[in-house]
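Peer 1: To start, I am sharing the structure in question, which I have written as structure tokens.
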Amino acid sequence: MGNGALTGLPSSTVFPETSFTVGANPSALVANKFTGGTLPDLAVVFDDSEGQHICNPEESRQWKLRSSHAIADHAGTNETGQVAIGTGVFRNDSKKFSTTQPPDVVLVNSTSNNISVLLGQADSTGKADGTFTELGLPIRVGTNPSSVVVADFNGDGFLDLAVANQGDNSISLSKDMGMERLRNFRARPSSCRIPARSRSRTGCDGQRKFSD
């Protein structure tokens, strides 16, 4: 009987380690079916480069680097210091899209104080192909953003976005990550300010309106 069975903890034979090289200073990763397969892929970001890598599992259960995507070089803008990444299907409005769209990603750029939204692309058959196109200019958030959560906070069927800003003790919130609504957030994100005396545990109530 192994040590894992005695302690209740999984042993190394239950979760054997597999490692592979992806690049220098990986800072965050997220899983989704970015290449349209039956198994989820990994999207990895790096805090000293501008972009992401897509890694996907082969049938042999070995992982490989599938593709690398740099963020578009927009004149007069910076998108640097990727420290977090989120994913979801933002283009889910059935009135505008007749088929399920590929998963998208949000990159958190800590040193440039903004986020980048990358839309997943599909091949000629409609299958996600692991490539992305950036949605316009980066979106301004608070100071030194450090993490992101993608979820339907208000239950309307569209994904919302919350970004934690470590530098100014705030959370930038978007209501509805539909493409039209995202443009409104781009101009003026809402915020949830965190009082200094309660930083260890503060709630932003999803039942209330996203306040300015």
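Quick grid of which residues meet (1) at pLDDT 90 or above; (2) open to solvent by less than 10 Å² (accessible area, probe 1.4 Å); (3) farther than 19 Å from S172 by Cβ:
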site	(1), (2), (3)
S68	no, no, yes
G76	no, no, yes
V83	yes, no, no
V89	yes, no, yes
D93	no, no, yes
F97	no, no, yes
P103	yes, no, yes
V108	yes, yes, no
D129	yes, no, yes
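Peer 1: Count, please, the residues in the range 139-150 that happen to be open to solvent by less than 30 Å² (accessible area, probe 1.4 Å) and either out of contact with any helix residue (DSSP H, G or I) (no Cβ under 8 Å at 6 or more places or on another chain) or part of a loop (DSSP other than H, G, I, E, B) (or both).
Peer 2: Of the residues in that region, 4 qualify.
Peer 1: Considering only the range 132-163, how many residues are closer than 11 Å to N114 by Cα and more than 13 Å from the chain's Cα centre (by Cα)?
Peer 2: 8
Peer 1: Given the options G157, G136, name the one that is open to solvent by 30 Å² or more (accessible area, probe 1.4 Å) and under 19 Å from Q52 (Cα atoms).
Peer 2: G136
Peer 1: In the range 110-125, what count of residues is obtained for those that are in contact (Cβ under 8 Å) with a residue 40 or more places away in the chain and in a strand (DSSP E or B)?
Peer 2: Number satisfying all stated conditions: 6.
The values are calculated or read from the model by the stated rules, or taken from the named source; none is laboratory data. Quantities reported herein were computed from a predicted structural model and do not represent experimental measurements. Every residue, glycine as well, gets a Cβ built from its backbone with ideal geometry; the counts of neighbours run over all protein chains shown. Side chains included, ligands, DNA and RNA excluded: accessible areas come from the protein's heavy atoms. Shrake-Rupley method; radii C 1.70, N 1.55, O 1.52, S 1.80 Å.
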